[in-house]
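Encoded as C-alpha cells, the structure appears first; notes follow it.
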Amino acid sequence: MSDKNIIDVNTLGSLAHHGIKRVVVAIGVFDGLHRGHQRLLDQLLEMSRKHDATPVALTFYPHPRTVLRPDSSPAALIPSKEKVAQLHNYGIQAVVTIPFTSAFAALEPEEFIDQSLKSDRIELCGICVGKEWRFGAKGKGDTELLHEYSRQGHFDFVAVEELMDGCDKVSSTTIRRAISGGSLEHAEDMLGHPYSLFGTVEVGRRVAGEKLSHPTANLKIGTGIIPPNGVYAGVAVHNGVSYQAAIAIGVSPTFKHDFKEERRVEVHLLDYDGDLYGEDIEVILVKYIREERTFKNAQELKKQIESDITEIKKILEQKYPTLK
C-alpha cells in the first residue's frame, strides 16, 4: 500500500480532516502485530461493523518503555512505518500515533482519557484493549476504569483475553526472546507469519562477489531483532517483488584476518542481477540452515555456499511453490 493511502495522525481529532466522524478504537503498542494483536483487531473490526464506524488503532511512539525504563528499553520488532502499514493491511482504516513523552507518561488515567480519546469533532462509539492493558501514571488505569467510562459515555467497550501459545503468553516480549534465542518457528507461531528484518543496503567489503561468486546485499538494520549467527533460508522483498534468498548473519570468520570483525546481515538474492545500494529491502527469515563456520580458504567456503543454496531452494520451493 502506498504511503498516500495511509492515514497516520497524532490526535484523534485530526481524523476529522480526513472525513472521519465516527470511530471505534483499539489501543496498544502493536509491536510486531502478532496473533494476540490480531485477536484484538478482529474484535475491533466486528465492533466497527456493529456501529458503522471507522476502525482506528491508537498507538505510541517511541515504545513507552523507552521513556519509562530507558536502561532496559526493548528493541522494536519492526519499524514504526512498517507497523502502520501492517495495521492498514489488516483492515484498520486510520492510525493515531501519539508521541510518548515523560509528560504524557505522567498523566493521570482520567487525563489520559480526556487527552487521547475525547474530541468535539469525533464520535467515539467503542474501545477495544487487551484485558491486562494498563495506562496513565504508574499504570493506575485499567480496564475497570474504561468499563466505567463506557457506561457513563454510552460507548461500547471490550477487554480482550490474552492469547496463549502453549505455556507462553503471545507477546512482543516473548517473540523478542524467541528470535534472540534462535527459535524462529516459535516466533512464527506467535506472529502468524515468519519474522522479517527491514534495512537499507549499504556498501560492503565486496568479498562475496569477487571471491565467492555470490554477491550479497549488506543490510544495515535500523530496527529489529537479529537472530543468532548462521545461515538462513529466506525471501527478500524489494519494490514489491519477492526473491529467494540465502542469508548469512555473523562476522565472516573465514576472512577475519582481512577485515575488522563486526556482525553483519548479508543477503544473496538468488537469480537477481541489479544494483541495490541505498535501497530498502525486507528479509523474511524462513528457516535456520546451519551455524557460521571458519573455512580453510575461499574455495571451500564457495563450495559450502553452493550446497547451502541447493538446500535453500528446496526449502523455499516447498514453502513458497509460486516463488522463483
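Taken together, the values in this text are just the output of simple stated rules run on the coordinates, not laboratory data. A quick note: this is a predicted structure, and the numbers were derived from the prediction, not measured. Neighbour counts are summed over all protein chains in view; Cβ atoms, including those assigned to glycine, are modelled from backbone coordinates with ideal geometry.
Note on residue 10 and residue 123: the model spin-label points, each 7 Å out from Cα along the C-beta direction, lie 3.0 nm apart. Legend: calculated FRET efficiency, residue 86 to residue 168, from the Cβ-Cβ distance at R0 = 22 Å, rounded to 0.05, equals 0.50.
Run the numbers for residue 251 and residue 293: contour at 0.36 nm per residue of separation, minus the present Cα-Cα distance, in nm.
Numbers: separation 42, 0.36 × 42 = 15.12 nm, distance 0.99 nm.
Extra length from residue 251 to residue 293 when fully extended: 14.1 nm.
If R0 is 25 Å, the Cβ-Cβ spacing of residue 271 and residue 42 corresponds to a FRET efficiency of close to 0.10.
Rg and Dmax of the chain, based on Cα coordinates, read 22.5, 73 Å.
Using R₀ = 30 Å, calculate the FRET efficiency as 1/(1 + (r/R₀)^6) where r is the Cβ-Cβ separation of residue 21 and residue 239; round to 0.05. Between residue 21 and residue 239 the formula returns 0.25. Subtracting the Cα-Cα distance of residue 73 and residue 302 from 0.36 nm times their residue separation leaves 78.4 nm of extension gain.
3J(HN,Hα) along segment 290-306: 7, 6, 6, 10, 9, 9, 5, 7, 5, 5, 5, 5, 4, 4, 5, 4, 4 Hz, from the Karplus curve 6.51 cos²θ - 1.76 cosθ + 1.60 with θ = phi - 60°, whole Hz, x for Gly and Pro.
So if each residue of separation counts as 0.36 nm, and I subtract the Cα-Cα distance between residue 52 and residue 318, what length gain in nm does that give? Can you show the working numbers first?
Values: separation 266, 0.36 × 266 = 95.76 nm, distance 4.22 nm.
Answer, rounded to one decimal: 91.5 nm.
Each Lys and Arg adds +1 at its Cβ and each Asp and Glu adds -1 at its Cβ; summed about the Cα centre, segment 195-319 shows a dipole of about 440 debye. Evaluated with a Cβ-only charge set (Lys, Arg +1; Asp, Glu -1), the chain carries a dipole of roughly 460 debye about its Cα centre, given to the nearest 20. Here segment 108-205 carries DSSP beta bridges of which approximately 40% are antiparallel, counting only pairs with both residues inside.
Between residue 160 and 129, 130, 131, the built amide H atoms are under 5 Å apart, and every one of these is 5 or more places off in sequence or on another chain.
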